[in-house]
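One structure is given here, and the rest of the page talks about it.
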Amino acid sequence: MPDDGSTGAPPATAVTARTSRVGSRRAGGQQIARRDGHVGRRLGTPARNAALDDVSRRLIEALQQDGRRSYAALAKDVGLSEAAVRQRVRRLLEDGVMQIVAVTDPLTVGFARQALVGIKATGDLRAVAERLSRLPELEYVVLCAGSFDLLVELVCEDDEHLLRLLDESIRTIDGVRETETFVYLRLVKQTYAWGTR
């Protein structure tokens, strides 16, 4: 969102909540170590149930539908002044309740290969997750229960890039014991508009 007092639309197109990533890869209550590329922060601690009032919920839901909505339009929808909306949105961003980002289709920006990698690890899983989250190709790192200790989602330029990333970066991290790679063939659904509770 612009901070210069203008009512123009923000440059971003999607709002995501701190507690989970959605689409076919919903994280549920799992711990996320995904990078917030917009401000360079990592989201890595279990989410607190933020005390959101009705106005904040309505702002989040409106931005989940269209992250480019102007402060003026948001203000009209929730019955507050533009300045009050700007302040609330800024607070929601700073508190890590949401983030506003441009979501691209990797295929249209030069990344021909996407994959999910299941990782079995030993030792301190949080330390393994932290090391994994430093790899720029990994857009999503989550600690989980089940067959795998961690799941990572990545984007690569091509199969050679994927192989290099697996062999030279992921499998060489201390604590990574075993990996299984699930290459995406087609993205069927991806949404960030799951609302609030």
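None of A193, A145 is of a type in the set (A, V, I, L, M), touching a residue at least 24 places away in the same chain (Cβ under 8 Å) and under 30 Å from D53 (Cβ atoms) except A193. Checked against (1) outside any strand (DSSP E or B); (2) modelled with pLDDT under 95, D174 passes all but a single condition, namely (2). Which one is surrounded by the most Cβ atoms within 10 Å (Cβ to Cβ) among residues in segment 91-134 that are at pLDDT 95 or above and out of contact with any strand residue (DSSP E or B) (no Cβ under 8 Å at 6 or more places or on another chain)? Step by step, filter segment 91-134, then rank; the result is R131. Screening Q99, Q87, Q114 for residues that are in contact with a His (Cβ under 8 Å, 6 or more places away or on another chain) and either assigned to a helix (DSSP H, G or I) or not β-branched (V, I, T) (or both) leaves exactly one candidate, Q99. Checking K189 against (1) under 21 Å from F111 (Cα atoms); (2) not in a loop (DSSP other than H, G, I, E, B): exactly one of these is not met. Which one? It fails just one condition, (2).
Counting residues in segment 153-170 that are surrounded by 14 or more Cβ atoms within 10 Å (Cβ to Cβ), touching a strand residue (DSSP E or B) at 6+ places or on another chain (Cβ under 6 Å) and over 27 Å from A102 (Cβ atoms) gives zero.
Touching a Gly at 6+ places or on another chain (Cβ under 7 Å), closer than 30 Å to E157 by Cβ and buried (at least 20 other Cβ atoms within 10 Å of the Cβ) - does that describe any residue in segment 66-86? No, segment 66-86 contains no residue that is touching a Gly at 6+ places or on another chain (Cβ under 7 Å), closer than 30 Å to E157 by Cβ and buried (at least 20 other Cβ atoms within 10 Å of the Cβ).
The values are calculated or read from the model by the stated rules, or taken from the named source; none is laboratory data. Values in this document were obtained by computation on a predicted structure and should not be read as measured data. Please note: Cβ atoms are built from the backbone with ideal geometry, for glycine as well, and neighbour counts cover all protein chains shown.
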